[in-house]
Amino acid sequence: MDYGEILSRAWKITWNNKILWLFGLFAGTGASLNTGNGGSGGGDGGGGFEGGPGGGLPPNIERQLERPEVIAIILAITGVLLLIVVALIVLSIIARGGLIGGIRLADDNGKVTFREAWSIGLRYFWRIFGMAIMLVAPILGEHWILYAFTSSSVPPGGTNYGRRIHVDSPRYVPNYPSNVGLIWTLDAFTEETGGTDVLPGSHHSPRAPSEEYFDRRCVQVECLQGSLIVFQARLSHRSGLNRSPKMRHALTLNACRAFMKQRMDWVRFVPKDIADALGPQGRRLLGYDTRLPTSLEEFFVPEGERLYKPNQG
C-alpha cells in the first residue's frame, strides 16, 4: 500500500477545493453545541442527597431583576441567543451533508462548487437531522453505540436481581453523562406488577443513597404496555415487587458514548448476515464504525475504509 499516494490524494482534494474547508468549519460547530449535558443543573448541587445551605443574590440585585423592563431585556437576549444556536445547528447539519457529498464529488470529478456541496447538504438535511434527534442523541451525542441489551422479567409474587438499589453506569463525571438507560415495557408497569422505582435527581450525586433514604423519596414509574422509559444511567433505581399472578416482562438497553468499550463485542457477537440487514445506522449502533485496526495495513487506508470512522466523539 502506497501511503504517500493516499496522503497526496487527500491533500490534492482539499487544496483544489478549499470551499470544503468552510463546510468543515461549519460542520464542527454542531459538535461544540451538542455537549450532551443531560445531567446539568438542578439536583443536589453535586454533593449528597441531603442537600446543604443555599445561597442567593443580594437583595438590591433581586429587586432590579424583578423590574418589567429588565425582565423584557433578559427575555429578548435569551431569544436572540436561542435563534443563533438554532441557526448554527441547522447550518452544521447542512454542512455535514455538504462536506461528505462534496468530498465524494471532488474525488470523482476533481472539482466541486459551493452550490453543488450546499445542494447535497440541503438534500440530506432531514435524514441527518432525523438521526441526530434520536432519543439518546441529545444526551450522548449522535454517535452513541450499544453498550448492553438484555431482558428483565419479574416473576409473579416476587422480584429479580434488579431489586437491589443500583445505577447502570459506575462513572460519575459532573455534567457529562456517559450512559443512558432505556426500558421497553412489554407488559404494563403498575403498582401491582411492580413498576421500576427511581430516585429523582440522584444522577447529580456521586454518592449512593442509603436504603432508608431511597425508600423515603423514591417514585414508582407506572406506564402502559409498549412504553419506552429513557433515563440518565447514573439515576439510582430498582425493580419493583410483582404482586400480580403473571410474569412482568421488559427489555432493557444501555447506550454509551462511541469511544467507550461495550459490554459485548457486538460486531463479533451478532451474525454478519443479521448485522448487514440492519443497514448503516444499525451497524453503527453495534459498533461497526468504532472498531480498532489490528495491523498497520488496516490503519493506513483511505478515510472511507477506516474501521474507526472520523468524528465519532
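The values are calculated or read from the model by the stated rules, or taken from the named source; none is laboratory data. In this text, all values refer to a predicted model and were calculated from it rather than measured experimentally. Ideal geometry is used to build each Cβ from the backbone, glycine not excepted, and the neighbour counts take in all protein chains shown. Heads up: the accessible areas ignore ligands, DNA and RNA and are worked out on the full protein's heavy atoms, side chains in. Shrake-Rupley method; radii C 1.70, N 1.55, O 1.52, S 1.80 Å.
Numerical summary
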quantity: Conditions (1) within 26 Å of the chain's Cα centre (by Cα); (2) open to solvent by 40 Å² or more (accessible area, probe 1.4 Å); (3) hydroxyl-bearing (Ser, Thr, Tyr); (4) under 30 Å from Val270 (Cβ atoms); number of the one not met by Tyr161; calculated: (1)
quantity: Qualifying positions in segment 205-230 - open to solvent by less than 30 Å² (accessible area, probe 1.4 Å) and either at pLDDT 95 or above or touching a helix residue (DSSP H, G or I) at 6+ places or on another chain (Cβ under 8 Å) (or both); calculated: Pro209, Tyr213, Phe214
quantity: Of the criteria (1) aliphatic (A, V, I, L, M); (2) modelled with pLDDT under 70; (3) open to solvent by 70 Å² or more (accessible area, probe 1.4 Å), which one Ile6 fails; calculated: (3)
quantity: Flag for Gly98 being within 13 Å of Leu20 (Cα to Cα), assigned to a helix (DSSP H, G or I) and under 26 Å from the mean Cα position of the chain (by Cα); calculated: yes
quantity: Helices (runs of 4 or more DSSP H) fully within segment 245-313 counting 3 or more residues that are among the charged types (D, E, K, R); calculated: 272-277
quantity: Segment 231-254, residues that are farther than 16 Å from Phe149 by Cβ, open to solvent by less than 30 Å² (accessible area, probe 1.4 Å) and over 18 Å from the mean Cα position of the chain (by Cα); calculated: Ser236, His237, Arg238, Ser239, Gly240, Asn242, Ser244, Arg248
quantity: Some residue of segment 298-312 being farther than 30 Å from Gly101 by Cβ and over 24 Å from the mean Cα position of the chain (by Cα); calculated: no
quantity: Lone qualifier among Val70, Val90, Val86, Val136 - being under 30 Å from Val180 (Cα atoms), touching a helix residue (DSSP H, G or I) at 6+ places or on another chain (Cβ under 9 Å) and modelled with pLDDT under 80; calculated: Val90
quantity: Residue within segment 295-312 that is crowded, with 16+ Cβ neighbours inside 10 Å, closer than 22 Å to Leu182 by Cα and touching a helix residue (DSSP H, G or I) at 6+ places or on another chain (Cβ under 7 Å) present; calculated: no
quantity: Ile229, sole failed condition from (1) among the β-branched types (Val, Ile, Thr); (2) in contact with a strand residue (DSSP E or B) (Cβ under 8 Å, 6 or more places away or on another chain); (3) touching a residue at least 60 places away in the same chain (Cβ under 8 Å); calculated: (3)
quantity: Residue in segment 255-269 that is modelled with pLDDT of 95 or more, farther than 23 Å from Ser151 by Cβ and open to solvent by 20 Å² or more (accessible area, probe 1.4 Å) present; calculated: no
